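Everything on this sheet refers to the single structure shown next.
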Amino acid sequence: MKTMSQTPKIQRVEVYKNHRVQLLLSRFITGDIKKIDPVFDYKDGYKYPVVEAIVGHHSDVEEFLKQLSKQGILERELYDKILHCPDCNSANVSVRYRCPYCKSFDVKKGSLIEHIPCGYIDTEDRFQTEDELMCPRCNKALTRVDVDYRKAGVWCTCNECDKSFDIPTTSHFCRDCHKDFMFEDAIYKDVYSYNLSAQAVKEASFGWVLIAPIKEFLQACGYNVKIPGHLKGASGASHKFDITASRETIPQNVMVFDLAVSNDKPVTEQPVIAMFAKIYDVTPDKACVIAVPKINENGKKLAVLYKINVIEAKDQAEVLKALEPLIK
Ligand SMILES: [Zn+2]
Ligand SMILES: [Zn+2]
Ligand SMILES: [Zn+2]
């Protein structure tokens, strides 16, 4: 069972700017995560540890995944159904098979045996002698299953009231709070596994997903990173950059980044021109346009003229590789 995406691309672009979404997607894109499968935990039920590591608390994970699948970024598939105790919400729940007559769960499960040569049918224990199975009617030993005898179904006996039956009734027992409850009171939920949708793979590899790893890289290098970052220029106007990075120890050391993404053709010179207009006012130490996957010749020439660095990259690895010499 797969859900269709209901959110148009333009809204998803906003979702891709969310840092937690970027972290999750970048782990998909790098192949770190192939599929998000739930992991069973006796106390809490199913959990998603890989997502928990990104989102923070376990209680927020379900909503996070639900939203992403609604937005068409993740595709969900039914993985299991889970029971929780209606009183304490524990998932540490067992099944109790009960006698339909007296409701006791002290039920012994046995099987019916048919002795094929004489046709006699009875419960297994009636055939059981000290060391072999023996037919109570014709007193012959039963030798091989499916040759001279066969199992003819399940037969339960209640140890409380001695009645026999083939289908027990079912209840549940919470091993944590010891509540006994029926299916009708149980919390019964769908559990899904999640995959990156084909659409998101296409959209995410176009760049939004690059911002999160860049941020982490710059932070690891000791920078204070803002996404997006606003800087005030000499004119007094405030300018917005996709990323700004600064070091408090060296107040003048400010870097600004803009991300330009193009689907089919190379990125044009436009983002370089826009960057120049801003840095003319702001005068950062370094300005960089990250073009995904490439920039056209005009863009390259203008960048040299304006002293703007250009990084051409199609994925995370290429961006980080190009950033390193730029920072040193
Ligand atoms: Zn009974
Ligand atoms: Zn027999
Ligand atoms: Zn309970």
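Restricting to segment 121-147, what's the tally of residues that are in a loop (DSSP other than H, G, I, E, B) and among the aliphatic types (A, V, I, L, M)? The total comes to 2.
Quick one: in segment 253-282, of everything that is at pLDDT below 90 and among the small types (Gly, Ala, Ser), which residue is nearest to Gly236 (Cα to Cα)? So, considering only residues that are at pLDDT below 90 and among the small types (Gly, Ala, Ser), the one nearest to Gly236 (Cα to Cα) is Ala260. Taking segment 107-123 as the range and being charged (D, E, K, R) and surrounded by 14 or more Cβ atoms within 10 Å (Cβ to Cβ) as the test, the residues that pass are Glu114, Asp122. Taken together, the criteria exclude Met134 from residues that are of a type in the set (A, V, I, L, M) and within 16 Å of ligand 3 (Cβ to nearest atom).
The criterion of at least 2 residues that are closer than 30 Å to Val15 by Cβ is met, among strands (runs of 3 or more DSSP E) falling completely within segment 168-236, by 187-196, 224-226, 229-232. Taken over segment 56-106, residues that are more than 16 Å from ligand 3 (Cβ to nearest atom), surrounded by 14 or more Cβ atoms within 10 Å (Cβ to Cβ) and aliphatic (A, V, I, L, M) amount to 5.
Residue-by-condition table, conditions (1) more than 30 Å from Lys35 (Cα to Cα); (2) among the aliphatic types (A, V, I, L, M); (3) away from ligand 2 (no atom under 16 Å from the Cβ); (4) under 49 Å from the mean Cα position of the chain (by Cα):
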{"residue": "Ala91", "(1), (2), (3), (4)": "no, yes, yes, yes"}
{"residue": "Leu112", "(1), (2), (3), (4)": "yes, yes, no, yes"}
{"residue": "Arg150", "(1), (2), (3), (4)": "yes, no, no, yes"}
{"residue": "Thr157", "(1), (2), (3), (4)": "yes, no, yes, yes"}
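Listed by first and then second residue, the pairs linking a residue in segment 133-146 that is under 11 Å from Glu114 (Cα atoms) and not assigned by TED's automatic domain parsing to the domain that holds Tyr120 to a residue that is of a type in the set (A, V, I, L, M) and more than 16 Å from ligand 1 (Cβ to nearest atom), with Cβ atoms under 6 Å apart and 6 or more places separating them unless they lie on different chains, form an empty list.
Would you call Arg150 away from ligand 1 (no atom under 16 Å from the Cβ) and not in a strand (DSSP E or B)? If you could, list the steps in order and put the result at the bottom.
Working: away from ligand 1 (no atom under 16 Å from the Cβ): yes; not in a strand (DSSP E or B): no.
Criteria not met by Arg150.
Scanning segment 299-328 for residues that are surrounded by fewer than 16 Cβ atoms within 10 Å (Cβ to Cβ), more than 30 Å from the chain's Cα centre (by Cα) and at negative phi yields a total of 8. Of the strands (runs of 3 or more DSSP E) that lie entirely inside segment 249-328, those containing 1 or more residues that are out of contact with any Ser or Thr (no Cβ under 8 Å at 6 or more places or on another chain) and over 19 Å from Leu210 (Cβ atoms) span 250-261. Only residues that are in contact (Cβ under 8 Å) with a residue 60 or more places away in the chain and within 27 Å of His84 (Cα to Cα) were counted across segment 149-197, and they come to 25.
Yes or no: Cys161 within 16 Å of ligand 1 (Cβ to nearest atom), assigned to a strand (DSSP E or B) and touching a Cys at 6+ places or on another chain (Cβ under 9 Å)? Criteria not met by Cys161.
The values are calculated or read from the model by the stated rules, or taken from the named source; none is laboratory data. Since the structure is predicted, the reported quantities are computational estimates derived from the model, not experimental observations. Heads up, the Cβs are rebuilt from the backbone with ideal geometry, glycines too, and the neighbour counts pull from every protein chain shown.
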